[in-house]
1. Would you check if there is a residue in segment 86-95 being open to solvent by 40 Å² or more (accessible area, probe 1.4 Å) and within 17 Å of the chain's Cα centre (by Cα)?
2. Please work out if GLY38 is part of a helix (DSSP H, G or I), open to solvent by less than 80 Å² (accessible area, probe 1.4 Å) and free of Cβ contacts under 8 Å to residues at least 24 places away in the same chain.
3. Cβ-Cβ distance below 6 Å, separation of 6 or more or different chains: which pairs start in segment 62-76 with a residue that is over 14 Å from ARG5 (Cβ atoms) and end on one that is outside any helix (DSSP H, G or I) and at pLDDT 85 or above?
Amino acid sequence: MTFLRYFLYVLGAALLSAVVGGAFASVVALISPAFVKGLFSPPEGASLTRYAAAVGMIWGVFIGAGVMGFCLGLVTLVQIAKVFTKKKSDNETPVAKHC
């Protein structure tokens, strides 16, 4: 179940990032159409705002999945480190002092 939960976290982050990226690119296209035209090279006759939203969503998916994957990788490494330190402390038996 942990794998499925982490997969859903990555999927949710990627989709949320896609929405944010698409909205951001649409706003940029509305504010500065010349910038978007020079940056993305949309085909002639295409709606610049819609084209920018699509490209922004694609980049949002890539960035969101990458960032969430990196974060989950760090969480996994921390959990592995905890297991190793716990095993190490369990293996060390205290030495009894004799008076």
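The values are calculated or read from the model by the stated rules, or taken from the named source; none is laboratory data. Every value quoted in this text rests on a predicted model; they were computed, and no experiment measured them. Note that each Cβ is placed from the backbone with ideal geometry, even for glycine, and that neighbours are counted across all protein chains shown. Heads up: the accessible areas ignore ligands, DNA and RNA and are worked out on the full protein's heavy atoms, side chains in. Shrake-Rupley method; radii C 1.70, N 1.55, O 1.52, S 1.80 Å.
1. If we filter segment 86-95 for residues that are open to solvent by 40 Å² or more (accessible area, probe 1.4 Å), which is where we start, we get 86-95.
Those left that are additionally within 17 Å of the chain's Cα centre (by Cα): none.
Checking segment 86-95: not a single residue is open to solvent by 40 Å² or more (accessible area, probe 1.4 Å) and within 17 Å of the chain's Cα centre (by Cα).
2. Numbers: part of a helix (DSSP H, G or I): yes; open to solvent by less than 80 Å² (accessible area, probe 1.4 Å): yes; free of Cβ contacts under 8 Å to residues at least 24 places away in the same chain: yes.
Spelling it out, GLY38 is indeed part of a helix (DSSP H, G or I), open to solvent by less than 80 Å² (accessible area, probe 1.4 Å) and free of Cβ contacts under 8 Å to residues at least 24 places away in the same chain.
3. Filtered contacts from segment 62-76: no entries.
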